[in-house]
1. In the stretch 15-35, which residues are among the hydrophobic types (A, V, I, L, M, F, W, C) and over 14 Å from Leu47 (Cβ atoms)?
2. Out of the stretch 27-45, which residues are surrounded by 14 or more Cβ atoms within 10 Å (Cβ to Cβ) and either under 15 Å from the mean Cα position of the chain (by Cα) or not polar (S, T, N, Q) (or both)?
3. How many residues, within the stretch 46-57, are touching a residue at least 40 places away in the same chain (Cβ under 8 Å) and crowded, with 17+ Cβ neighbours inside 10 Å?
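The values are calculated or read from the model by the stated rules, or taken from the named source; none is laboratory data. It should be emphasised that the depicted structure is a prediction, and the values quoted were computed from it without experimental measurement. Here Cβ is always computed from backbone atoms with ideal geometry, including for glycine, and neighbour counts include all displayed protein chains.
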Amino acid sequence: MTVEIGYALVTAAFAAAVVFAAVAGPALLFELPNRVEKTLVMSGLLLAALLFPLRVISVLFRFRFPSEDANQPSQPGRTSPDS
């Protein structure tokens, strides 16, 4: 489970950083009116802050409840009874 938690945290941080850069990037790169810059930066922070926990939760629940297509044997080296 440790690997899944690490994967969830790393991908969530990456996704949040990409969203923040996409939204707030123009405000940081170009000279825009002060109100527009603040709005873009605050919107980017808000979206990144919302995306991070949503991504972590979605990844961890996906690992907790694998799809029904993943019919794996219960023990390594053994086949399932219906194979």
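1. First pass over the stretch 15-35, keeping only residues among the hydrophobic types (A, V, I, L, M, F, W, C): 15-24, 27-30, 32.
Those that are among the hydrophobic types (A, V, I, L, M, F, W, C) and over 14 Å from Leu47 (Cβ atoms): Leu28, Leu29, Phe30, Leu32.
2. Looking only at the stretch 27-45, we keep the residues that are surrounded by 14 or more Cβ atoms within 10 Å (Cβ to Cβ), and these are 27, 32, 37, 39-41, 43-45.
Correct list: Ala27, Leu32, Glu37, Leu40, Val41, Gly44, Leu45.
3. 3
Here's the yes/no breakdown for (1) at pLDDT 90 or above; (2) touching a Leu at 6+ places or on another chain (Cβ under 8 Å); (3) among the charged types (D, E, K, R):
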| site | (1), (2), (3) |
| --- | --- |
| Leu45 | yes, no, no |
| Val56 | yes, yes, no |
| Gln72 | no, no, no |
| Gly77 | no, no, no |
